[in-house]
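Here's the structure we're looking at; comments come further down.
The values are calculated or read from the model by the stated rules, or taken from the named source; none is laboratory data. From a predicted model like this one, the values you see are computed outputs, not experimental measurements. Every residue, glycine as well, gets a Cβ built from its backbone with ideal geometry; the counts of neighbours run over all protein chains shown. Each accessible area value is taken on the protein alone, full model and side chains, heavy atoms only, with ligands, DNA and RNA left out. Shrake-Rupley method; radii C 1.70, N 1.55, O 1.52, S 1.80 Å.
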Amino acid sequence: MNDYLTNILKNIKKNDTGYLFCNKNGKPYRNVRKSFDSALKKAEISNFKFHDLRHTFASNLVMAGVDLTIVKELLGHKDVKMTLRYSHLSPNHKKSATEVIGNIMDTYMDTRDKSKFIHIKNAGVAQG
């Protein structure tokens, strides 16, 4: 659990039942998925499953630059191949990743000096 969630949970008003997650009568929730489905219905969210939270968690970690091995451990997977199923990246994230190489190349090449480019002509390569 991260510090953000820890602070939120510490600041929840305590009740007399000893349960953190309970209904207004103090009875603990018995079925998390049923409660989740009720929350989706009240929020008018459709086409979203409980398991989608896991996918979102993994994808957001990967897009934030967290190493896949760490994500694998957080998800409890034995093999990183399973983790890859949850780490689909957004098109914007992929585009920004390709910009990294552009920035690296720009550091090492003067793109204004055309004589430093490598030109490909027909099947041969010539330095131009």
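A few points about this structure:
- Selection count where residues are part of a helix (DSSP H, G or I) and under 23 Å from ASN7 (Cβ atoms), scope region 17-34: 1
- Residue list for region 4-25, filter: open to solvent by less than 100 Å² (accessible area, probe 1.4 Å), modelled with pLDDT under 85 and farther than 24 Å from PHE50 by Cβ: ASN15, THR17, GLY18
- Options LYS81, LYS72: the member that is part of a helix (DSSP H, G or I), open to solvent by 80 Å² or more (accessible area, probe 1.4 Å) and among the basic types (Lys, Arg): LYS81
- Residue count for region 78-106, restricted to those that are within 16 Å of the chain's Cα centre (by Cα) and not charged (D, E, K, R): 14.
- For region 39-63, residues that are assigned to a loop (DSSP other than H, G, I, E, B) and open to solvent by less than 80 Å² (accessible area, probe 1.4 Å) total 3.
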